[in-house]
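The values are calculated or read from the model by the stated rules, or taken from the named source; none is laboratory data. Everything numeric here is computed off the predicted structure, so don't read it as measured data. Cβ atoms come from the backbone with ideal geometry, glycine included; neighbour counts cover every protein chain shown.
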Amino acid sequence: MVGFSLMNQDLRYVAINETLAEINGRSVAEHYGKTLQEVLPSLAPVVVPVYRRVFETLQPISNIEVTGEVPSRPNELRHWMVSYVPVQTADQQIYAGSIVVEITEQKRLITELEHLNRNLHRSNQDLEQFARTASHDMQEPLRTISSYAQLLEHRYGAVLENRGQRYLKHILTSAQRSQQLIRDLLTYARLDSKGMVLVPVDLNQLLADTLGLFQDTIRRTDAQITADTLPTVMADRGQLSQVLQNLLGNALKFRELETIPRIHVSAVQQPECWQISVQDNGIGIDPRYSDRIFSVFQRLHLPEEFEGTGIGLSICQKIVEQHNGKIWVESALNQGSTFYFTLPIHPSSASPG
Ligand code: ADP
């Protein structure tokens, strides 16, 4: 709702619409001939100088934020966005019109959002700090368990009967798995947008480099990996490399043993972003779980079936979102999976971690 009024040079109301009259707590008729001081005593000190300037300069003054109380709602601070315009009539009289939009609710929402945002930022920082400290402190005792279990195996393994050796193996594998979980959690907690450096990254080159890391697996499984001509994108090279490593690693890993992995990487240009996809012919994912797999430690398989800690996709999601992109999967059981992620073509700025 827009309020409107017209003042003469004595700052008396010559016209006003219903909306503004209601805000001022009087009928339209009650305004005629009254001065600004009479109608809005508490706002007059702020508004009168603005009117005077309009009459002096005959220039409009746009979008001034006015804050104060009005007679219709005493003791309540309210906010308006007001523009003032000089108006000349046919008989050469000069008036000043005001156009008033109430923004009290918007201001309240913005303040609330800022408050929520600050709280969210703080609790994110607390959580990251907690994850860092907890995982750092847990590494030490785990290292001790692991190395003493190794010592036991080395020195006394021969004198232990079968069951004892089995128990020891369990201790060792569990300790190693916990160490791996903690290392992954640390990697996740340390990923933060502040350290990001956006540079042009040639995805063809990055893909070739990343595939180099999987040379052994590719040779062992006869994997066939193909790719479209890929674009150069603006990204943090190290982080983008982690995304490709995780997606390609999963594409090679989650397959039936006898299946020869066939993986295709492609890129499609959208109006605002590049959409990159990694398609595989593996075991696929039940669509019911296509959101859950991006959460920390969420896996659909036991470590005995497919090794891993369940953090790779969470890392991918954090990195892609830090780049202001999105990541998702399209898949069905036994139908292979296609993971998609987007990267803005012209990144303005990274989002706060
Ligand atoms: P990890 O690979 O360590 O298990 P991720 O976070 O990378 O952890 O993946 C989470 C889960 O999502 C995996 O355990 C698996 O169940 C499923 N998943 C991920 N990628 C694929 C894929 N290409 N094909 C089938 N399932 C997948």
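Looking only at segment 311-330, how many residues end up being more than 9 Å from the ligand (Cβ to nearest atom) and touching a residue at least 24 places away in the same chain (Cβ under 8 Å)?
The total comes to 11.
Would you mind telling me which numbered condition in (1) outside any helix (DSSP H, G or I); (2) under 25 Å from GLY282 (Cβ atoms) ASP184 fails?
Unmet condition: (1).
Is it the case that some residue within segment 219-240 is more than 19 Å from TYR340 (Cβ to Cβ), assigned to a loop (DSSP other than H, G, I, E, B) and over 28 Å from the mean Cα position of the chain (by Cα)?
Checked segment 219-240: at least one residue is more than 19 Å from TYR340 (Cβ to Cβ), assigned to a loop (DSSP other than H, G, I, E, B) and over 28 Å from the mean Cα position of the chain (by Cα).
Would you mind telling me which numbered condition in (1) under 26 Å from SER193 (Cβ atoms); (2) out of contact with any helix residue (DSSP H, G or I) (no Cβ under 8 Å at 6 or more places or on another chain); (3) within 12 Å of the ligand (Cβ to nearest atom) GLY249 fails?
Unmet for GLY249, out of (1) under 26 Å from SER193 (Cβ atoms); (2) out of contact with any helix residue (DSSP H, G or I) (no Cβ under 8 Å at 6 or more places or on another chain); (3) within 12 Å of the ligand (Cβ to nearest atom): (2).
What residue, of VAL243, VAL233, VAL278, is more than 16 Å from the ligand (Cβ to nearest atom), of a type in the set (Val, Ile, Thr) and buried (at least 22 other Cβ atoms within 10 Å of the Cβ)?
Among VAL243, VAL233, VAL278, only VAL233 is more than 16 Å from the ligand (Cβ to nearest atom), of a type in the set (Val, Ile, Thr) and buried (at least 22 other Cβ atoms within 10 Å of the Cβ).
Which of the numbered conditions does ASN246 fail, given that it passes all the others? Conditions: (1) outside any loop (DSSP other than H, G, I, E, B); (2) over 20 Å from the mean Cα position of the chain (by Cα); (3) over 16 Å from THR338 (Cβ atoms); (4) touching a residue at least 12 places away in the same chain (Cβ under 8 Å).
Unmet for ASN246, out of (1) outside any loop (DSSP other than H, G, I, E, B); (2) over 20 Å from the mean Cα position of the chain (by Cα); (3) over 16 Å from THR338 (Cβ atoms); (4) touching a residue at least 12 places away in the same chain (Cβ under 8 Å): (3).
Return yes when ILE64 is more than 18 Å from MET1 (Cβ to Cβ) and among the aliphatic types (A, V, I, L, M) and no when it is not.
Considered against the rule, which asks whether it is more than 18 Å from MET1 (Cβ to Cβ) and among the aliphatic types (A, V, I, L, M), ILE64 comes out as yes.
Of these, SER295, SER266, SER290, which one is more than 11 Å from the ligand (Cβ to nearest atom) and either at pLDDT below 95 or of a type in the set (Gly, Ala, Ser) (or both)?
SER266
Quick check on this structure: which one of ILE260, ILE319, ILE276 is more than 20 Å from the chain's Cα centre (by Cα) and at pLDDT 95 or above?
ILE260
Considering segment 268-286 alone, what residues qualify as being touching a Ser or Thr at 6+ places or on another chain (Cβ under 7 Å) and over 23 Å from PRO344 (Cα atoms)?
Hits for segment 268-286 are ASP280, ASN281, GLY282, GLY284, ILE285.
Return only the number of the condition from (1) crowded, with 16+ Cβ neighbours inside 10 Å; (2) at pLDDT below 95 that ARG183 does not satisfy.
The one condition ARG183 does not meet is (1).
Any idea which of ASP10, ASP91 is in contact (Cβ under 8 Å) with a residue 12 or more places away in the chain and out of contact with any helix residue (DSSP H, G or I) (no Cβ under 8 Å at 6 or more places or on another chain)?
ASP10
Restricted to segment 188-209, and to residues that are surrounded by 14 or more Cβ atoms within 10 Å (Cβ to Cβ) and closer than 30 Å to ARG143 by Cβ, which residue is farthest from the ligand (Cβ to nearest atom)?
ASP192
Which of the residues that make up segment 336-350 are closer than 21 Å to HIS264 by Cα, more than 11 Å from the ligand (Cβ to nearest atom) and of a type in the set (Val, Ile, Thr)?
Once the filter is applied, which keeps residues that are closer than 21 Å to HIS264 by Cα, more than 11 Å from the ligand (Cβ to nearest atom) and of a type in the set (Val, Ile, Thr), segment 336-350 yields only THR342.
Select, from VAL201, VAL197, the only residue that is in a strand (DSSP E or B), within 24 Å of the chain's Cα centre (by Cα) and in contact (Cβ under 8 Å) with a residue 24 or more places away in the chain.
VAL201
Can you name every residue in segment 298-310 that is out of contact with any Leu (no Cβ under 7 Å at 6 or more places or on another chain), within 8 Å of the ligand (Cβ to nearest atom) and not acidic (Asp, Glu)?
The answer is GLN298, ARG299, LEU300, HIS301, PHE306, GLY308, GLY310.
So LEU333 passes all but one of these: (1) more than 8 Å from the ligand (Cβ to nearest atom); (2) in contact with a strand residue (DSSP E or B) (Cβ under 8 Å, 6 or more places away or on another chain). Which condition number does it fail?
With (1) more than 8 Å from the ligand (Cβ to nearest atom); (2) in contact with a strand residue (DSSP E or B) (Cβ under 8 Å, 6 or more places away or on another chain) applied to LEU333, the lone miss is (2).
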